[in-house]
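To start, the structure under review is shown below, and the notes come after it.
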Amino acid sequence: MKPDDLVVTPRGLRFQGQLFPCTIGKTGITRRKKEGDGATPTGIHRIVGMLYRPDRMAKPADWALPIGLNDLWSDDAGHEDYNMMVRAPYPHSHEKLRRADPLYDLVLLTDWNWPYAVKGRGSAIFMHQYRRPGFPTEGCVALSRQNLRRIAPRITLQTRLIVP
């Protein structure tokens, strides 16, 4: 492991010698991820992007990109844009990146099933803000707003999310 890796442990997310409380998917960790199963996929996942809400926070890192009004994420396993950022109008199944709640105010994108997605293997495995401590995700890794904002500026494109 590298010093700037993010490592999911039973006690939280380890990063640069610190431990941060985190939550994972509602059905736990899996080696056989499928779209909609609510599980966090095991493996070594590169951080490939950072998105943020410019109307709610300052740019967290030089390489972070703003989330626009029409930004979506395709979760339609039958479409060629599956597991890719798309823009509205988009008639296929998708998730809005610009949400009313704060969960996606800051999002770290992983390379799970990306850029060449296998249909149905799962989409949108992100790191983002959790609803509240201990509340599971649909498969992402989530942290408190404060901890996510503390970690984001220290992440590089060499940082990996390791889920054992």
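The values are calculated or read from the model by the stated rules, or taken from the named source; none is laboratory data. Quick caveat, the model's predicted, so the values are computed rather than measured. Here the Cβ is made from the backbone with ideal geometry for all residues, glycine too, and neighbour counts use every protein chain on show. Ligands, DNA and RNA are stripped out before the accessible areas are found, and what is left, the full protein with its side chains, is counted by its heavy atoms. Shrake-Rupley method; radii C 1.70, N 1.55, O 1.52, S 1.80 Å.
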Which one of the conditions (1) closer than 25 Å to residue 121 by Cα; (2) touching a Ser or Thr at 6+ places or on another chain (Cβ under 8 Å) does residue 7 fail to meet, given that it meets all the rest?
-> (2)
Collect the residues in region 145-158 that are surrounded by fewer than 17 Cβ atoms within 10 Å (Cβ to Cβ) and of a type in the set (S, T, N, Q), keeping them in residue-number order.
-> 146, 156, 158
Of all residues in region 87-116 being among the hydrophobic types (A, V, I, L, M, F, W, C) and more than 16 Å from the chain's Cα centre (by Cα), the one that is most open to solvent (accessible area, probe 1.4 Å) = 100
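Mind telling me which of the residues 78, 49, 43 ends up being farther than 25 Å from residue 8 by Cβ and either touching a His at 6+ places or on another chain (Cβ under 7 Å) or in contact (Cβ under 8 Å) with a residue 24 or more places away in the chain (or both)?
On the way: 49 fails: farther than 25 Å from residue 8 by Cβ; 43 fails: farther than 25 Å from residue 8 by Cβ.
Sole residue among the options that is farther than 25 Å from residue 8 by Cβ and either touching a His at 6+ places or on another chain (Cβ under 7 Å) or in contact (Cβ under 8 Å) with a residue 24 or more places away in the chain (or both): 78.
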Look at region 12-35 and say how many of its residues are in contact with a strand residue (DSSP E or B) (Cβ under 6 Å, 6 or more places away or on another chain) and among the charged types (D, E, K, R).
-> 2
Considering every residue within region 47-59, establish whether at least one is open to solvent by 20 Å² or more (accessible area, probe 1.4 Å) and either in contact with a Ser or Thr (Cβ under 8 Å, 6 or more places away or on another chain) or on the phi > 0 side of the Ramachandran plot (or both).
-> yes
Quickly run through region 5-30 and pick out the residues that are free of Cβ contacts under 8 Å to residues at least 60 places away in the same chain and either touching a helix residue (DSSP H, G or I) at 6+ places or on another chain (Cβ under 6 Å) or open to solvent by less than 10 Å² (accessible area, probe 1.4 Å) (or both).
-> 12
Region 36-84, residues that are out of contact with any strand residue (DSSP E or B) (no Cβ under 9 Å at 6 or more places or on another chain) and either in a strand (DSSP E or B) or within 23 Å of residue 160 (Cβ to Cβ) (or both) = 62
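Open to solvent by 70 Å² or more (accessible area, probe 1.4 Å) and either closer than 13 Å to residue 127 by Cα or not polar (S, T, N, Q) (or both): is that true of residue 33 in this structure? If you could, list the steps in order and put the result at the bottom.
Numbers: open to solvent by 70 Å² or more (accessible area, probe 1.4 Å): no; either closer than 13 Å to residue 127 by Cα or not polar (S, T, N, Q) (or both): yes.
In short, no.
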